[in-house]
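The values are calculated or read from the model by the stated rules, or taken from the named source; none is laboratory data. What you see is a predicted model, and the numbers here were worked out from it, not measured in a lab. Neighbour counts run over all protein chains shown; Cβ positions are idealised from the backbone, glycine included. Heavy atoms of the whole protein, side chains included, go into the accessibility calculation; ligands, DNA and RNA do not. Shrake-Rupley method; radii C 1.70, N 1.55, O 1.52, S 1.80 Å.
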Amino acid sequence: MYASAAPIDGESEPVWAPFESRLAAAKIGMVTSAGLYLEGEQEVFDGERERREPTWGDPTHRVLPHHLGGRKIGMMHLHVNPADILDDHNVAMPTDVLDEFTASGVIGGTTGSHVSVMGYQASGLDVWRNETAPAIVSLFKDEGADGVVLAPV
């Protein structure tokens with residue numbers, strides 16, 4: 001599916017940017033594709049529509065705090081068994097590893113928030129390109145992120 005991916009109309013520049021900060025001084029955010037949300041506080045990703053339309057994935061995102069403070073994580077992802085992730089969020093959103101990297105000086109610090117999306121976005125990427133991705137970029141810019149770790153499941 002991705003072997004012949006081409007830029008969309010109007011794209012002429014690379015869709016990445018060079019990492020200019022020293023990692024030891026960089027503030028790092030994280031995006032997980034596990035479909036995580038704060039149980040009882042945030043809307044669940046739309047699994048019902050995905051059941052009806054298997055190539056569709058909910059294009060929205062959820063902002064999750066770096067420190068959960070005892071809050072419970074929920075998960076909606078039809079292509080991944082949630083058991084291990086619900087037992088330990090670090091399987092899909094390794095915030096403890098980021099904390100270890102901060103403590104040991106590998107990275108400068110972390111953003112206060114991270115982002116979860118629902119993976120398996122096979123069709124309908126217009127909302128992703130025009131709404132979801134710009135909102136995520138804006139969040140990380142506002143939080144002063146120098147880089148973002150992608151944590152796929």
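Here are the numbers for the structure shown:
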quantity	calculated
Length-normalised contact order of the stretch 35-136 in % [C-alpha pairs under 8 Å, at least 6 apart]	40 percent
For the chain, the longest site-free run once trypsin sites (Lys or Arg not before Pro) in DSSP loop states with at most 15 other Cβ atoms within 10 Å are removed	73-153
For the chain, calculated [θ]222 nm from helices alone, where every DSSP H run of n ≥ 4 adds -39500 (n - 2.57)	-5000 deg cm²/dmol
Cβ-based net charge around Asp58, under 15 Å, with every Lys or Arg adding one and every Asp or Glu removing one	-3
For the chain, the longest site-free run once chymotrypsin sites (Phe, Trp or Tyr not before Pro) in DSSP loop states with at most 14 other Cβ atoms within 10 Å are removed	20-153
Karplus-derived 3J(HN,Hα), 6.51/-1.76/1.60, for each residue of the stretch 71-88, Hz, glycine and proline x	5, 8, 8, x, 8, 10, 7, 6, 9, 9, 6, x, 3, 5, 5, 5, 6, 8
Probe 1.4 Å - accessible area at His67, Å² to nearest ten	130 Å²
Net +/- balance of residues flanking Leu86 in space, Cβ distance below 12 Å, scoring K and R +1, D and E -1	-3
Base-10 log of normalised Debye intensity for the chain (one unit scatterer per alpha-carbon) at q = 0.09, 0.13, 0.15 Å⁻¹	-0.31, -0.65, -0.86
For the chain, share of DSSP beta bridges that run antiparallel, in % to the nearest 5	50 percent
Given charges at beta-carbon only (K, R positive; D, E negative), |dipole| of the stretch 33-153 in Debye	200 debye
